[in-house]
Amino acid sequence: MSHFSLKNGVLHAESVALPAIAGQFGTPAYVYSRAALAASLQEFLDVLASHPAGAGSLVCYAVKANSNLAILNLFARMGAGFDIVSGGELRRVLAAGADPQKIVFSGVGKTAAEMKQGLDAGIFCFNIESAPELDRLNEIAGQCGKKAPVSLRVNPNVDPKTHPYISTGLKEAKFGVAYDDAFELYRRAAALPNIEVAGIDCHIGSQLLDPAPFVEALDRILILISRLTAAGIHIHHIDLGGGLGIKYKDDQVQPTVASYLNPLLDKLAGSGLKVVLEPGRRLVGNSGLLLTRVEFLKPGEGKSFAIIDAAMNDLMRPALYEAWHDILPVIPRTGETRAYDVVGPVCESGDFLGLARPLAIEAGDLLAVMSAGAYGMAMSSNYNTRPRAVEVMADGDKIHVIRQRETVEQLYAGEQLLP
């Protein structure tokens, strides 16, 4: 079921009408559904629990998708772990109640300070993405008197057939270790005094709607694991990454979690490997929307514009990827539609949230930009000195503020005039 639906002709988040949210908190506003978030994670937990190879598995939410403390806390309370890519994200998930033994630390550029943070916290594993990073971690772990648990992020060179900006497992990607180099780097890791080889990691990209590339990648990783085992290097967990896509358009088919996971788990049956997953977008993407108001309608010779109070600084994906988000009137009108470019007030031609959208709207109407729970608020900025939006959570018939709207004064509070 959708947790965002029309009731009596008005779009609701669970049992809360969106106009009531706009009236109380203003726009633009990010609106999330607690029930949708919980259901998304539970789908993963249920599939893993129903398969023998899922025993002892760990779902590590990819924090970069949406790092609000309330969302992190909800997932932690449900038993999830976290996939982090910075020291800041580590501090954030710990503040949200994360179990350090359920944290994996990914990312190509971990600093010495961030490595020490992870070691001091006692995290589950470091996902290593290069030989110099491995050497640095060995040195820092030695200084701390500890052994660092590691897995190598191996690029299986499988084409995920997604947007090139979010394709991460090909040989030309900046991420991970080339498949052909991985065996020797594992041998090197196993010989280092302050490194403990714990697992193997693979993440091929994001917004994948066809599960087949995941299976192809796993086949290549299993061949490598067999070779490592024969060499006396034992792998205890396999991190299959994330990347399972969501439905942004009506004509897209969203794969079920079962259709994605069961073929992978079938191949891992009897292996004794603990399974780690790193879903991000799939847990939060369709659990949130961006609520905005139409400021002006501007007809033109070539096209017509609906100028709204949200902008590319609030939701970067359309400008960055030409990504599609459905845009729905909160109170649909009857009558003839017009094709509008839905644009914001930011001083850039690339400031749009949707192009040529058929809408029957008037100035002052509320619009809901759907599927905005992932990489929306997380990628937002203060460009044009625009305070970031308020974030609220629908919880049945209740609404909770989970991040206050910024003020302009907060934006320049750390700046100084010259003497």
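The values are calculated or read from the model by the stated rules, or taken from the named source; none is laboratory data. What you see is a predicted model; the values in this text were computed from it and never measured. With ideal geometry, Cβ positions are generated from the backbone for all residues, glycine too; neighbour counts draw on all protein chains shown.
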Exercise. Is it the case that the range 140-156 has a residue that's of a type outside the set (A, V, I, L, M) and modelled with pLDDT under 95?
Worked result: yes
From the option list Ile233, Ile221, Ile225, Ile238, single residue qualifying as in contact (Cβ under 8 Å) with a residue 60 or more places away in the chain and β-branched (Val, Ile, Thr) is Ile221
Inside the range 82-118, the number of residues satisfying the requirement of being under 17 Å from Val275 (Cα atoms) and acidic (Asp, Glu) is 1
Filtering the range 248-267 for residues that are touching a helix residue (DSSP H, G or I) at 6+ places or on another chain (Cβ under 7 Å) and of a type in the set (Lys, Arg) leaves a count of 1
What do you reckon, is Leu45 within 25 Å of Met78 (Cα to Cα), surrounded by 15 or more Cβ atoms within 10 Å (Cβ to Cβ) and of a type outside the set (Val, Ile, Thr)? yes
When every residue in the range 247-285 that is of a type in the set (Asp, Glu) and part of a loop (DSSP other than H, G, I, E, B) is compared, the one nearest to Arg220 (Cα to Cα) is Glu278
A careful count of residues in the range 351-393 that are of a type in the set (S, T, N, Q) and closer than 21 Å to Gly88 by Cα gives 3
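The rows are residues; the columns are (1) among the aliphatic types (A, V, I, L, M); (2) surrounded by fewer than 19 Cβ atoms within 10 Å (Cβ to Cβ).
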{"position": "Asp83", "(1), (2)": "no, no"}
{"position": "Ala95", "(1), (2)": "yes, yes"}
{"position": "Val104", "(1), (2)": "yes, no"}
{"position": "Lys110", "(1), (2)": "no, no"}
{"position": "Lys116", "(1), (2)": "no, yes"}
{"position": "Cys125", "(1), (2)": "no, no"}
{"position": "Pro132", "(1), (2)": "no, yes"}
{"position": "Ile140", "(1), (2)": "yes, no"}
{"position": "Cys144", "(1), (2)": "no, yes"}
Of those in the range 309-329 that are of a type outside the set (Asp, Glu) and in contact with a Lys or Arg (Cβ under 9 Å, 6 or more places away or on another chain), the residue surrounded by the most Cβ atoms within 10 Å (Cβ to Cβ) is Ala310
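Residues checked against (1) closer than 30 Å to Asn73 by Cβ; (2) in a strand (DSSP E or B); (3) in contact with a Cys (Cβ under 8 Å, 6 or more places away or on another chain):
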site	(1), (2), (3)
Val104	yes, yes, yes
Lys116	yes, no, yes
Phe126	yes, yes, no
Pro132	no, no, no
Pro149	yes, yes, yes
Exception for Ala368 within (1) under 16 Å from Tyr248 (Cβ atoms); (2) buried (at least 23 other Cβ atoms within 10 Å of the Cβ); (3) in contact with a helix residue (DSSP H, G or I) (Cβ under 7 Å, 6 or more places away or on another chain) falls at (2)
Within the range 382-419, residues being among the acidic types (Asp, Glu), surrounded by 12 or more Cβ atoms within 10 Å (Cβ to Cβ) and in contact (Cβ under 8 Å) with a residue 40 or more places away in the chain number 2
